[in-house]
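So the structure is just underneath, and the comments pick up after that.
Any read-out appearing in this document is the output of simple, stated calculations on the displayed coordinates, not a laboratory observation. Small disclaimer: the values here were computed from a predicted structure and weren't measured. Counting neighbours? That spans all protein chains shown, and the Cβs are built from the backbone with ideal geometry, glycine included.
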């Protein structure tokens, strides 16, 4: 018999679920836990017999519902898709009431969250929350992007703000030092209410799209240093560690330095990165971001290129065969490359500029999505909660937050005065890196697409005038004229161009 009611419950004791439970318990919350495989629950409880808040093991959905103090809060950390609906229905059947709150904390598609909130409205309160930070973030402080009705957020808020990562509000740097049973105190929590229905999961999806781009860009910087300068992995790790002291300070650059310095435990004299197969996997959120960019008509080429780079990396056998048949350019001489330190510095600047473009594309996508779904997104707040806990946490998010705080209607991050100045100062190095990569035959799709995005966005004229003429020629799709107001469309009878242009209604 369950004697003490829990403050909150969590279903799904995978790595993320277990760590989030322990995080909540460290902050004094009593947590009821349930996993479909009972042995997993038993092993978890046995491994954690004493926590500040306390744990209650539940072996059925009915026990789980009974263990929670009404009005109940149940967090789901189960695979996205059908499992979310299945477990939600089980909880309803077990007695969940209309005022009870179900929080989907998995990587669900935002449109599924919108649907679920609507479909379950007369039976419970359904809420979606993005959770970022991996297993370590879940244990000691993630970034939490909450989406749902405002009343439900007020109930969830004390718990979410308590367990979230904390940052120093002056510097924007994460406050370190959390340990089992000793959570960080003070600082700004990296948790916020994003808006209604699926907005939390949408913002988490965009976060992951930026993450894809960020990882690809760092990988391209590593590969340029490896192939152009023949640096060994630990040397590149030292370069990254040095970069991490400046504007590139970020979690991903930091862990990349650690990865590159790691020796291979299975092969003496080798570094582990050289023994890892160059075929990347993905879970789909980067693809969702790219598909949504196409659907909404937002240019996010660097994010898309990062997805495509993973796809082509998976063609390992084809690439091995192609490498024997398709020849590239001769290697560049050291004289052509120039001094080593200048190349390293140019790659650093190219990486920074490309990262800014990737983040700009993500924020552009959110800007457009709020129009389609009726959200009002606070981009300064989103940048703030990404400063700690999440995978893309980085020093320059403090400047992104400031840019949107100063000008909430900023059309594009590239137009912010600080980023505008930085891009101007670094673009020569950026262009040199992209040029050298092309001349050397080193694939850098994300670097190249980021530069093309920058150049396209800053161009007052693009060749789309010819494209529109082509479309009108073969399909009568009409075109606009530069000497007429926007929104006035014309068609030319191309078989008889002497005839007057027709204005289309």
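Points to keep in mind about this one:
- Computed from label points 7 Å out along Cα-Cβ, the spacing between residue 97 and residue 312 is 5.9 nm.
- Peptide packing: for 221-227, 163-169, 475-481, 199-205, the average count of neighbouring Cβ atoms within 10 Å per residue gives the ranking 199-205, 163-169, 221-227, 475-481, highest mean first.
- The angle between the Cα long axis of helix 233-243 and the longest principal axis of the Cα atoms of the chain comes to about 90 degrees, rounded to the nearest 10.
- In a fully extended conformation the segment linking residue 323 and residue 486 would gain 53.7 nm over its present Cα-Cα distance, using 0.36 nm per residue.
- For the stretch 464-504: rounded, prolate or oblate by the Cα gyration tensor [a/c cutoff 1.5]: oblate
- For the chain, the longest principal axis of the C-alpha atoms and the axis of helix 464-475 are separated by about 90°.
- Label of the coordinate-derived value, Rg/Rh (Cα atoms, Kirkwood Rh), listed as (i) 1.02; (ii) 1.00; (iii) 0.96: (i)
- When peptides 379-387, 177-185 are sorted by average Cβ neighbour count within 10 Å, with the highest value leading, the order is 379-387, 177-185.
- Each of the peptides 402-413, 99-110 was scored by the mean count of other Cβ atoms within 10 Å over its residues; in descending order, highest first, they stand as 99-110, 402-413.
- Cα-projected label distance for residue 86 with residue 135, points at 7 Å along beta-carbon direction, nm: 2.4 nm
- Reducing the stretch 249-297 and the stretch 455-505 to their Cα centroids gives an inter-centroid distance of 44 Å.
- Difference of contour (0.36 nm per residue) and Cα-Cα distance, residue 461 to residue 503: 12.8 nm
- Cα gyration tensor, the stretch 8-197 - rounded (a/c under 1.5), prolate or oblate: oblate
- 0 to 90° range, to nearest 10: angle between helix 199-228 axis and the chain longest Cα axis: 50 degrees
- Cα-based shape type of the stretch 51-151, given that a ≥ b ≥ c are square roots of the gyration tensor eigenvalues and the cut on a/c is 1.5: oblate
- 20 Å cut-off, amide nitrogen to a point 7 angstrom out along residue 235 Cα→Cβ, residues in the stretch 432-470: 433, 436-437, 440-443
- Length gained on full extension, residue 182 to residue 431, computed as 0.36 nm times the residue gap minus the Cα-Cα distance: 84.9 nm.
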